[in-house]
Amino acid sequence: RIKSWIVWSWTYLWAFWFLLVLFVIYYLRGPLKISENIGMATMFLSTLTPKFYVALTGTSSLISGLILIFEWWYFRKYGTSFIEQVSLNHISPWIGGGDAGNDTNNVAANTNSTNTNQQAVPECKVWRNPLNLFRGAEYQRFYWATNKEPLTYYDMNLSAQDHQTFFTCEGDCGKAEYEIMQTAWRERNPVARIKAAHDALEKNPDCAPAYILLAEEEATTILDVEKILKQALRAAEMNYRKSQQTQHQGPVMEALHRRDTNVLIYIKRRLAMCARKLGKLKEAVKLFRDLTKEVPPIMNVLNIHENLIEALLEMQAYADVQAVLAKYDDISLPKSATICYTAALLKARVVADKFSPDIASKRGLTTAEMTAVEAIHRAVEFNPHVPKYLLEMKPLILPPEHVLKRGDSEAIAYAFFHLPHWKQVEGALNLLHCTWEGTFRMLPYPLERGHLFYPYPTCTECADRELLPAFHEVSVYPKKELPFFILFTAGLCSFTALLALLTHQYPEPMGIVAKAMLSWVSLPFHYLLDKLEAVLPSNLLQQLSRI
């Protein structure tokens, strides 16, 4: 109790100190000649010309304008105010003892995470796009046509890390062709990467990773890609059979077999994607179905079931799509925009062709319509960026090679491939248009509390800006209001600029207005001083001598 009382007293001690300082200044106003100094300052200010005030207000306007420009740039780039960020992260802990608060918050956060048993996956983990395009046959052709880079260095660097993880192992030491490929995956220049792949094939014509690189980056059409991948498949199957026989001879041989397995699965998946792009849907579906039966660790990264769903939707095999969803739309498995929005599409398909918002508003929603609307609300809660692309309220761009779940990058990747499937279902987009915004009424504070999912992560905007090209306007959710300091500096800049203009144009009237305002502002202070003079003695030393 004593400790809490001491803490409470120190909390309000600053107010007592402030009053004490005012009291001392008041009683020492005679020796300090405060009144004379104020009078001299007033006389000095009265002798200043209007040019001084024009310069003063103009300088203030310029400085506040520069601060406004910097604050606006920082807000557009990072989504927060620089002044608020500095205040919260540096000044506030220094003044209020942030260490103890941080410790308390950390303990509370750990306790909360333990109690709620939240997912172990970080909220802003970047995932490989299951439907990523080919660099040479698709991304490069876009660059030739528009002279705009469709991929960011951050995105391509993540792909390089993935390729090194999938296609290299410790058993490659001493093998010239694989050592060349290890360097090739890290190379930034695409011409140097392609040259390294050709060098590796000269040393070993059965180097499957070199074929993969050439198919991804050198081939300029999907037919060329498929031709190179078929060569890669033959080499990969041969390497896989060789390593399968020796995989139990030690950890190095086991790593070699795991690498050959990854290479083989990757090639089969890309071949299946080529078949899908070339219109050979049955062949693509068969390949994707076979791949979903595999169980290596790489399958957790590739998410091949999303490729299968997209191909089945193109075939309009909705019953098969429902069967795939029944397996993967499980509460224990991570969700994605493909899972949630495909489930909504299948439910909307039942009622969309006969849905009318006017009739529904009069008679109410039927059970099937309510089920479809709830599915749409669930999908929109998971990723609120998708509807604007499906409804063509925002322009689409080529999807990146990596996506952030629940972010704008995932929305682009989903809409890029699935918009035609929504158009195939009559009335589906109309139902989406009429109902998707109703989701936000159930989520007044999406960053703090979700309805069916965890609260919307706060870091999606920064991650999406790294993944998406600069010419794309990143979608932000929830829509951020302008920070207080941007509004404050904008108002200050405008006000001081207006004062400078008026003082320059009308110096004498502005001087009269300024003096009148100063007299109005100082009137309460003079009144308080008069009252204090009447109540308190004029000199503290005289009062003490009487005592």
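Rounded, prolate or oblate: which fits region 268-332, taking a ≥ b ≥ c as square roots of the Cα gyration tensor eigenvalues, rounded meaning a/c under 1.5, else prolate when a/b beats b/c? Here region 268-332 falls in the oblate category. Normalised by residue count, region 224-314 yields a Cα convex hull volume of 88 Å³ per residue.
Here the accessible area is traced with a 1.4 Å probe on the protein chains. For region 110-250, carbon and sulfur cover 48 percent of it.
Of the GluC sites (Glu not before Pro) found in region 395-445, the ones in coil according to DSSP and having at most 14 other Cβ atoms within 10 Å of their Cβ are E426. Size of region 310-392: Rg and Dmax of its alpha carbons, in Å, are 13.6, 39. Partners of K125 within straight-line reach, counting lysines whose Cα lies under 16 Å from its Cα and excluding those fewer than 8 residues away in the same chain: K335, K405. Taken per residue, the accessible surface of region 283-322 reaches 44 Å², heavy atoms only and a 1.4 Å probe.
Given charges of +1 on the Cβ of Lys and Arg and -1 on the Cβ of Asp and Glu, with all other atoms neutral, how large is the dipole of region 174-219 about its Cα centre, in debye to the nearest 20?
180 debye
Given axes a ≥ b ≥ c from the Cα gyration tensor, I'd like to know whether region 351-462 is rounded (a/c under 1.5), prolate (a/b larger than b/c) or oblate. Because a/c hits 1.5 or more and a/b fails to exceed b/c, region 351-462 counts as oblate. Projected label points at C173 and K286, each 7 Å from Cα along the beta carbon direction, are separated by 4.4 nanometres.
Of the trypsin sites (Lys or Arg not before Pro) found in region 125-161, the ones in coil according to DSSP and having at most 13 other Cβ atoms within 10 Å of their Cβ are K125, K148. Listed by chain and number, the lysines whose C-alpha is less than 20 Å from the C-alpha of K277, apart from same-chain residues fewer than 8 away, are K227, K230, K268, K286, K423. Anisotropy class assigned to region 411-452 is oblate, per the alpha carbon gyration tensor with a/c at or over the 1.5 cut-off and a/b no larger than b/c.
The values are calculated or read from the model by the stated rules, or taken from the named source; none is laboratory data. Keep in mind it's a predicted model, so treat the numbers as computed, not measured. In this analysis, Cβ positions are derived from the backbone assuming ideal geometry, glycine residues included, and neighbour counts consider all displayed protein chains. Please note that ligands, DNA and RNA were not included when accessible areas were found on the heavy atoms of the full protein model with its side chains. Shrake-Rupley method; radii C 1.70, N 1.55, O 1.52, S 1.80 Å.
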